[in-house]
Amino acid sequence: MPDLGGLAAGAHLARNFHAGLPGYAPTPLVGLPTLARRLGLGAVFVKDESRRFGLEAFKGLGSAWAVARLLGERLGMAPDALDFAGLRASRPQVGELTFVTATDGNHGRGLAWAARLLGHRARVFMPAGASPARVAAIRAQGAECTVTELAYDDAVRHAAAYARETGGVLVQDTAWEGYEKIPAWIMEGYGTLALEAAEQLAGLGGVGPTHVFVQAGVGSFAAAMVACLGAALTTRGMPRPRFVSVEPHAADCVFRSLAAGDGRPRTCPGSLETLMAGLSCGEVSTLAWPVLSAGLHAACACPDELARLGMRLLARPCGEDPALVSGESGAVGAGLLHWLMRPEENPETPGDAARARKALGLGPGARVLIISTEGATYPAVWEAVTGLSAAAAPPHHA
Ligand SMILES: Cc1ncc(COP(=O)(O)O)c(C=O)c1O
């Protein structure tokens with residue numbers, strides 16, 4: 001069993017570091033009371049990561065903390081002494097480093113940003129079919145970015161080999177045997193989101209969510225939420241919620257691993273093609289899997305249509321609910337929730353939805369937290385799905 005306490009403690013250090021970064025602000029946590037009523041739920045909350053550091057996704061939290069820890073190690077600085085100004089000032093001592101990674105988009109953009117901020121370089125590899133908008137966003141942070149012919153998991157192996165051959169430093173957001181230290185720091189970095197959410201929920205009356213839907217690609221994010229959000233809520237006197245992972249059908253490695261029921265992870269073969277680019281991963285992180293195996297209440301695999309439904313639901317809310325800009329991988333939890341709670345609107349699968357709803361314990365007493373992990377990172381898709389203009393998207397709710 002992984003050291004959950006260590007992960008949660010690391011999240012506090014990460015948050016202190018993040019708080020000193022330019023542009024840091026806790027992202028909003030909003031309630032959607034009209035949607036909750038419509039779905040027959042007690043409450044729906046959304047933690048909105050679309051404006052995190054101006055990067056449109058939560059991922060920069062992980063890469064910034066991992067880069068800080070790596071630099072701190074070279075400088076002999078203790079983790080609790082790491083701060084932005086100090087790391088910038090000691091840049092001449094460290095020399096110029098090249099951080100290397102593979103990405104579906106958001107992690108690479110976050111790493112490129114963190115490298116630039118701290119005075120270093122980034123080299124980013126993307127899987128086949130990567131969207132030009134995501135490539136451009138990474139290059140805009142000053143990184144060199146190449147789209148490969150490979151599926152995601154092979155692009156990760158390619159980046160690892162490149163780093164080995166060129167003396168670069170691999171900063172990958174997934175772990176495998178022998179490569180766990182840096183992915184653990186990345187997971188700690190995601191913990192900042194969990195600490196903010198727990199504080200915000202405490203401020204909303206402190207009843208806390210009964211369920212948290214967490215998207216899974218390689219599972220690092222979901223595991224970080226299981227470990228850090230679970231701990232942060234119970235520390236503040238709220239009960240531990242049920243964590244439910246959400247993945248695309250086409251890349252459902254966590255679902256397959258949990259369904260196998262023997263505690264051993266499974267891979268998802270094939271091209272992993274899905275609209276949900278950020279979740280298009282076929283192999284679970286070795287660090288994330290034990291946390292997910294022990295801590296998930298359930299795993300769900302969804303068709304792309306539920307991501308589209310979620311994007312529309314959040315972009316075009318009902319009643320007084322605020323509008324949210326949520327991309328494919330960010331919105332699938334909202335689409336899944338709608339599928340579960342409004343089976344009459346899914347005439348092909350009402351029985352499945354009813355069974356799943358019951359197994360998850362969703363009903364009028366449920367208070368569901370969804371994490372919209374990205375904004376319109378592929379604006380053309382967001383516009384096509386929502387029928388709205390990304391440029392004219394709501395500036396933001398309060
Ligand atoms: C927007 C978004 N949500 C969720 C995830 C899932 O994170 P993980 O790969 O750690 O499971 C990603 C991963 O890139 C992402 O980009």
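The set of residues in the stretch 275-298 that are assigned to a helix (DSSP H, G or I) and either within 12 Å of the ligand (Cβ to nearest atom) or among the hydroxyl-bearing types (Ser, Thr, Tyr) (or both) comprises 277, 278, 279, 288, 289, 291, 292, 293. Would you mind stating whether residue 159 is of a type outside the set (Phe, Trp, Tyr) and in contact with a Ser or Thr (Cβ under 6 Å, 6 or more places away or on another chain)? Yes, satisfied.
Considering the stretch 90-104, and only residues there that are small (Gly, Ala, Ser) and at pLDDT 95 or above, the residue that is nearest to the ligand (Cβ to nearest atom) turns out to be 102.
The rows are residues; the columns are (1) farther than 20 Å from residue 374 by Cα; (2) more than 16 Å from the ligand (Cβ to nearest atom); (3) in contact with a helix residue (DSSP H, G or I) (Cβ under 8 Å, 6 or more places away or on another chain); (4) part of a strand (DSSP E or B).
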| residue | (1), (2), (3), (4) |
| --- | --- |
| 11 | yes, no, yes, no |
| 24 | no, yes, yes, no |
| 36 | yes, yes, no, no |
| 45 | no, yes, yes, yes |
| 50 | no, no, yes, no |
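Highlighted here are the helices (runs of 4 or more DSSP H) found entirely within the stretch 299-398 that include at least 2 residues which are within 16 Å of the ligand (Cβ to nearest atom) and either farther than 27 Å from residue 110 by Cβ or touching a residue at least 40 places away in the same chain (Cβ under 8 Å) (or both): 304-315, 328-341, 379-386. Counting only strands (runs of 3 or more DSSP E) that sit wholly inside the stretch 138-254, those with at least 2 residues that are assigned by TED's automatic domain parsing to the domain that holds residue 285 and buried (at least 20 other Cβ atoms within 10 Å of the Cβ) are 211-215, 242-248.
Of all residues in the stretch 145-168, none that is among the basic types (Lys, Arg) has its Cβ atom under 7 Å from the Cβ atom of a residue that is part of a helix (DSSP H, G or I) and modelled with pLDDT of 95 or more, 6 or more apart or on another chain.
A count restricted to the stretch 83-122 and to residues that are buried (at least 24 other Cβ atoms within 10 Å of the Cβ) and not hydroxyl-bearing (Ser, Thr, Tyr) stands at 16. Among the residues making up the stretch 188-222, a single one is hydroxyl-bearing (Ser, Thr, Tyr) and away from the ligand (no atom under 16 Å from the Cβ): 210. Restricting attention to the stretch 255-274, the residues that are assigned to a helix (DSSP H, G or I) and not small (Gly, Ala, Ser) total 3. Applying the condition of being more than 12 Å from residue 120 (Cβ to Cβ) and surrounded by fewer than 17 Cβ atoms within 10 Å (Cβ to Cβ) to the stretch 55-82 and asking which residue is farthest from the ligand (Cβ to nearest atom) yields 76. Among the conditions (1) outside the structural domain of residue 278 (by TED's automatic domain parsing); (2) buried (at least 16 other Cβ atoms within 10 Å of the Cβ), the only one that residue 328 does not satisfy is (1).
The values are calculated or read from the model by the stated rules, or taken from the named source; none is laboratory data. Since this is a predicted model, take the numbers as computed values, not measurements. With ideal geometry, Cβ positions are generated from the backbone for all residues, glycine too; neighbour counts draw on all protein chains shown.
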